[in-house]
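> Quick one: this structure, given as C-alpha cells, is what I'll be asking you about.
All of the numbers you see were taken from the coordinates with simple rules; none came from a lab. Not measured: the values here are computed from a predicted model. Here the Cβ positions follow ideal geometry from the backbone for every residue, glycine too, while neighbour counts run over all protein chains shown.
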Amino acid sequence: MERDEGRRAELAANLQLVRERIARACEAAGRPSGSVTLTAVTKTYPASDVLLLAGLGVTDVGENRDQEAAAKAAEVRAAGANLRWHFVGRLQRNKVRSVIRYADVVESVDSERLVAVLARAAAERPVPLDVLIQVSIDGDAERGGVVEDDLWRVSDSVAGSDGLRLGGVMAVAPLGWDPDRAFAKLSVLAGRMAERYPGATTVSAGMSGDLEAAVRHGATHVRIGTSLLGMRNSLR
Ligand SMILES: *Cc1c(COP(=O)(O)O)cnc(C)c1O
C-alpha cells in the first residue's frame, strides 16, 4: 500500500510535468490547450500503473506487444477502469484476432495485407475499429510504416472496409532526424489525408523526447512512455 502511494505520487508528478509541456507547446504553437490528447505508453509497466494513471485522469493508453497488452487490458478492465487502448507496435497478422478484442485503435497499420486481415476480424466487433496509417517518414519501410507511394493504396483499403474507420496517420521520427523536419513532412501527408478523407484528422506523433516538435507540427495525439513512467529496462 505504501509503495503504491509512492508510485502514485511519482506518476502524478510526472503527469503534471508532461501536461505542462503539452500546454506550453500548444500555447507556443497558437493552438488551444486541450487540442492534444495524451496517450500514456505503458509497455513494460504493470496494470497497477495503468490503474493509477486512470485514477489521475489519463484516458488513453498505448501498448506495443499483444501478449502483454491483452493480459494488462483484461486486468485493468476487471478492476473497473474504462480506457481507450491504442495498439502502437508492429502487428503480426496472426495476432490480429487477439488485438481487436481489447484495442480501440490500431495505430500501426502499414500494409494492404494487414488491412484485409483486420477488416475480416473487425467485422465481428460491435463497433468499428479505429485505424491509423503508420507513415514511414524516411522511406525506409524496413523500420515500419507505409512509404509515401503506397499511402493511398493502404488508406483507400481501410476506408473501403466496413469494420474499420480511418482515423488518420501515425509516425515515429526516424533516428538521427531533426524532429522538426520529420514532423513537418508528416504534417504535409496528414493534410493530404484529411483532404481526401474528411474524417481522418488524427495525427499521432511525438514521444517523450520530441513532443514539442510534434505539437508544433499539428499532432493531435502524443504517445508518452519514459517521461511518465520512467526509463524502461529494454529499448522497446
Ligand atoms: C515506446 C513507444 C513510445 C513511447 O516512447 P517514449 O520515448 O518512452 O516516450 C511511443 N510510440 C511508440 C510507437 C512506442 O513504441
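> Pop out the ³J(HN,Hα) list for the stretch 88-95 in order, Karplus 6.51 cos²θ - 1.76 cosθ + 1.60 with θ = phi - 60°, rounded to Hz; leave Gly and Pro as x.
10, x, 4, 10, 7, 4, 6, 9
> A further question follows. Which residue, chosen from HIS221, ALA121, MET231, occupies the Cα position most advanced towards the positive end of the dipole of the chain, where the dipole is computed from +1 (Lys, Arg) and -1 (Asp, Glu) charges on Cβ about the Cα centre?
ALA121
> Starting from the Cα of GLN67, step 7 Å along the direction of its Cβ; do the same at ARG101; then give the gap between the two resulting points in nm.
The two pseudo-label positions are separated by 1.5 nm.
> Right, next: Could I have the simple spin-label model distance between GLU195 and ARG90, label points 7 Å from Cα toward Cβ, reported in nm to one decimal?
3.4
> Same structure again: Order by neighbour count: ASP130, ASP110, ASP178, ASP156, fewest other Cβ atoms within 10 Å first, most last.
ASP178, ASP156, ASP130, ASP110
> With contacts defined as alpha carbon pairs under 8 Å and 6 or more residues apart, what's the relative contact order of the stretch 2-228 in percent?
In percent, rounded to a whole number, it is 19.
> Compute the FRET efficiency between LEU17 and ASP156 as 1/(1 + (r/R0)^6), taking r as their Cβ-Cβ distance and R0 = 30 Å, and round to the nearest 0.05.
Working from the Cβ atoms, E equals 0.15.
> Just to verify a number: FRET efficiency for ARG232 and ALA184, C-beta to C-beta distance, R0 = 25 Å, to 0.05? Numbers along the way, then the final one.
Values: r = 28 Å, r/R0 = 1.14.
Step by step, r from the Cβ atoms, then E = 0.30.
> Net charge within 12 Å of LEU175 by Cβ-Cβ distance, Lys/Arg positive one each and Asp/Glu negative one each, not counting LEU175 itself? Walk me through the numbers on the way to the answer.
Values: positive: ARG143; negative: ASP138, ASP140, ASP178, ASP210.
Residues near LEU175 contribute -3 overall.
> Also, I was wondering about something else. Is it possible to state the helix-based mean residue ellipticity at 222 nm for the chain, with each DSSP H run of 4+ residues giving -39500 (n - 2.57), the sum divided by total residues, to the nearest 500 deg cm²/dmol? What is it?
Result for the chain, helices only: -13500 deg cm²/dmol.
> Report, ordered by chain and residue number, the lysines lying within cross-link reach of LYS72, taken as a straight Cα distance under 29 Å and ignoring same-chain residues fewer than 8 apart.
Correct list for LYS72: LYS43, LYS95.
> Label the chain by shape, choosing from rounded, prolate and oblate, from the square roots a ≥ b ≥ c of the eigenvalues of the Cα gyration tensor; if a/c is under 1.5 it is rounded, and otherwise prolate applies when a/b is larger than b/c, oblate when it is not.
Oblate shape, in that a/c is at least 1.5 and b/c is the bigger or equal ratio.
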